[in-house]
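Have a look at the structure below, then the notes.
The values are calculated or read from the model by the stated rules, or taken from the named source; none is laboratory data. Computed from a prediction, not measured in an experiment: that's the story for all the values here. Cβ atoms come from the backbone with ideal geometry, glycine included; neighbour counts cover every protein chain shown. Note: accessible area is taken over every heavy atom of the protein model, side chains too, but ligands, DNA and RNA are not part of it. Shrake-Rupley method; radii C 1.70, N 1.55, O 1.52, S 1.80 Å.
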Amino acid sequence: MTSPGSGLDMSENSSSLITKRKIQEMVAQIDPSERLEPEVEDILLELADEFIESVTQFACRLATHRKSSTLEVKDVQLHLERNWNIRIPGFASEEIRSVRKSTVPSSHTQKVTAVNNAKASLASTSK
């Protein structure tokens, strides 16, 4: 059973998550005249499977860290964005943390200035 349009092979007999046909379609999108050798297709299938497995495992660990038993898009998204620099179209980062510039109280600034002036006056008198 293949989910329509996804290129994912969901049959129980298949060990691959993506089909050779889908790889051929992707290559044809880049260069319609290009054909891959069967060995290259096999290597690409293996790499794709390993990548999907790795991302899924890491995302599951993130979900577990959140103390959740449900894998959510944000788990996969976080891993892909932070570790692979891959953005998921249609899903904006929910939490964009801005860096706030800390404000220093004027009383602190005055104290630091007074200490620096005292150090300078001590240095000039000891010469």
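For the reader, a short list of remarks on this structure follows.
- Pairs, first over 12 Å from Thr19 (Cα atoms) in the stretch 36-51, second of a type in the set (Val, Ile, Thr), C-beta under 8 Å, six or more apart: Leu36/Ile23; Leu36/Val27
- Where helices (runs of 4 or more DSSP H) fall wholly inside the stretch 21-127, the ranges with 3 or more residues that are open to solvent by 100 Å² or more (accessible area, probe 1.4 Å) are 38-65, 106-125.
- Any chance Ser68 is modelled with pLDDT of 90 or more and of a type in the set (Gly, Ala, Ser): yes
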